[in-house]
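Report on one structure; see the data block that follows.
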Amino acid sequence: MQYTAYTNHTFAQTPYYAALPPAERMTFDLLAQVFHFKVNRYVCEHLIDWEKVPEDPIYRFVFPRREMLAPRDFAFLQELARGGIDERLRQQFVAGIRRRQQPRYISAPGSLPRWDGEPITGMYRNFPTIVSLFPDPMVKTCHAYCSYCFRWIMFNNRKAQQSSSYRDPRTPVPWLRAHPEVSDVLFTGADPLVLKARTLEQYIAPILDLESVQVIRISSKSLAWWPYRFTRDPDADNLLRLFAAIRARGKHLNLCVHFTHPRELAHPEVARAVDRIRETGAVIRTQGPLIRNVNDDPGTWSRLWTQQVALGMVPYYMFMEADHHPQSCFRVRPARALRIFQAAQATTTGLARTVRGPVFMYDLNRVLLDGTTTVNGQTYFVLKTLQSPPGTPSEGHIKLLPYDEKAQDLGNLYELFNQPSPNREAEPGPCTHQLQ
């Protein structure tokens with residue numbers, strides 16, 4: 001199969017668009033004006049069950065949903081369409097929606113590396129031993145887009161891409177050489193594996209010369225969206241040779257692959273791709289978010305982890321969705337998320353106990369919702385920091401928050417774990433329900 005991508009403009013020319021129920025075509029036409037959209041032929045032919053649209057789970061997180069907009073915004077878009085769209089008014093209105101929904105990023109002191117007194121664009125120090133790198137070619141696109149992605153602002157936005165990435169492959173090297181405590185480097189984006197192997201190698205090669213960097217991580221959803229990248233693409237063999245070359249330099253190569261639903265594992269090409277990757281010596285760890293009305297039931301996650309283990313992958317994280325927009329249409333409440341995770345673990349192979357969850361990734365700390373406990377008759381959520389930003393004292397600490405079945409969110413976890421306290425071990429703290 002040849003890779004063919006469809007955007008909001010070209011998808012309307014496909015038979016898939018023509019087969020959509022009229023209400024879904026109308027919704028797509030309206031929301032494609034606001035949200036970036038990209039799908040490919042493999043996703044359309046093998047992952048989406050078109051007879052079950054709009055309830056199909058893959059369709060739900062590839063195609064923009066009307067609940068991603070405030071009802072009044074959706075209604076106004078409908079009015080513009082009915083009355084004959086004034087292009088300037090439409091552009092102003094859409095720009096206003098995007099401004100309101102733009103993710104707000106916060107950084108902890110020490111998370112933005114500096115060299116010669118200036119910040120290093122495209123480099124972020126997540127935790128004391130790991131940095132994320134954003135080379136310019138890697139931040140542009142993916143094989144398809146997830147509607148829940150919090151990095152949507154990068155797509156089709158050259159200004160945003162240039163302001164958060166670097167072009168010279170040696171840009172991170174002086175800083176990394178001066179900080180030998182950093183052992184892990186994560187190449188991320190958008191999706192690094194959209195690139196040709198030669199381009200990818202240009203950015204990885206300078207890092208391999210650093211003895212202190214022992215782990216190369218690459219974050220990608222290509223196994224789900226385009227497994228042919230590793231099997232039949234013209235560049236597939238070159239990519240696998242690059243993986244093998246990284247291992248030959250004595251580095252651990254970890255592919256952090258993103259799966260949201262078991263159906264993404266069902267096609268035989270995925271198994272072939274996994275086998276070819278593992279033959280290079282790379283380790284594949286899997287992660288994915290808990291998404292409302294997509295995978296928010298224990299059986300889905302149990303099947304997902306069981307299939308991953310059977311294929312030779314290592315389940316790693318179940319994330320709490322970051323909710324990059326104010327409508328919170330993807331988020332599952334913490335109390336329910338915890339029940340889903342615990343029930344799913346109870347019905348899957350013990351080899352899947354490598355997975356941790358539910359994990360909050362959208363805060364500065366990486367925080368595990370580890371369960372509940374009762375103290376003096378009061379029930380609490382138990383929260384534990386798995387990792388924390390450089391210079392913060394909270395890693396491995398535990399906090400208790402009053403249990404609330406209806407809480408949509410657990411508040412600002414960075415502030416919770418870094419607030420001054422005479423006792424940082426397992427102390428009750430305030431619980432806020434507002435989405436951050």
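In this structure, does S183 turn out to be in contact with a His (Cβ under 9 Å, 6 or more places away or on another chain), among the small types (G, A, S) and open to solvent by 10 Å² or more (accessible area, probe 1.4 Å)? Against the criterion (in contact with a His (Cβ under 9 Å, 6 or more places away or on another chain), among the small types (G, A, S) and open to solvent by 10 Å² or more (accessible area, probe 1.4 Å)), S183 does not qualify.
For the stretch 356-366, the criterion of being at pLDDT 95 or above and either surrounded by fewer than 22 Cβ atoms within 10 Å (Cβ to Cβ) or among the hydrophobic types (A, V, I, L, M, F, W, C) (or both) is satisfied by at least one residue. Number of residues in the stretch 115-124 that are open to solvent by 30 Å² or more (accessible area, probe 1.4 Å) and either in contact (Cβ under 8 Å) with a residue 60 or more places away in the chain or aliphatic (A, V, I, L, M) (or both) equals 1.
Against the test of being touching a strand residue (DSSP E or B) at 6+ places or on another chain (Cβ under 8 Å) and aliphatic (A, V, I, L, M), the options V34, V39, V53 yield a single qualifying residue, V39. Scanning the stretch 1-46 for residues that are in contact with a Lys or Arg (Cβ under 6 Å, 6 or more places away or on another chain) and assigned to a helix (DSSP H, G or I) returns a single hit, T27. Which is surrounded by fewer than 15 Cβ atoms within 10 Å (Cβ to Cβ), modelled with pLDDT of 90 or more and of a type in the set (G, A, S), of A95, A12, A19? Criteria check complete, one pass: A19.
Scanning the stretch 125-150 for residues that are open to solvent by 50 Å² or more (accessible area, probe 1.4 Å) and either without any contact (Cβ under 8 Å) to a residue 40 or more places away in the chain or among the hydroxyl-bearing types (S, T, Y) (or both) turns up just one, T129. On the basis of being touching a helix residue (DSSP H, G or I) at 6+ places or on another chain (Cβ under 6 Å) and either among the aliphatic types (A, V, I, L, M) or at pLDDT 95 or above (or both), does H252 make the cut? No.
Annotation: P227 fulfils all but one of (1) out of contact with any Leu (no Cβ under 9 Å at 6 or more places or on another chain); (2) surrounded by fewer than 22 Cβ atoms within 10 Å (Cβ to Cβ); (3) at pLDDT 95 or above; the unmet one is (2).
The criterion of at least 2 residues that are within 17 Å of the chain's Cα centre (by Cα) is met by the following helices (runs of 4 or more DSSP H) wholly inside the stretch 263-347: 298-311.
Answer with yes or no whether V34 is among the aliphatic types (A, V, I, L, M), under 23 Å from the mean Cα position of the chain (by Cα) and either within 28 Å of R229 (Cα to Cα) or open to solvent by 30 Å² or more (accessible area, probe 1.4 Å) (or both). So V34 does not fit the description; no. Filtering the stretch 201-215 to residues that are in a helix (DSSP H, G or I) and buried (at least 17 other Cβ atoms within 10 Å of the Cβ) leaves E201, Y203, I204, I207, L208.
The values are calculated or read from the model by the stated rules, or taken from the named source; none is laboratory data. None of the values given here were measured: they were computed from a predicted structure. FYI the Cβ positions are ideal-geometry reconstructions off the backbone, even for glycines, and counts take in every protein chain you see. Side chains included, ligands, DNA and RNA excluded: accessible areas come from the protein's heavy atoms. Shrake-Rupley method; radii C 1.70, N 1.55, O 1.52, S 1.80 Å.
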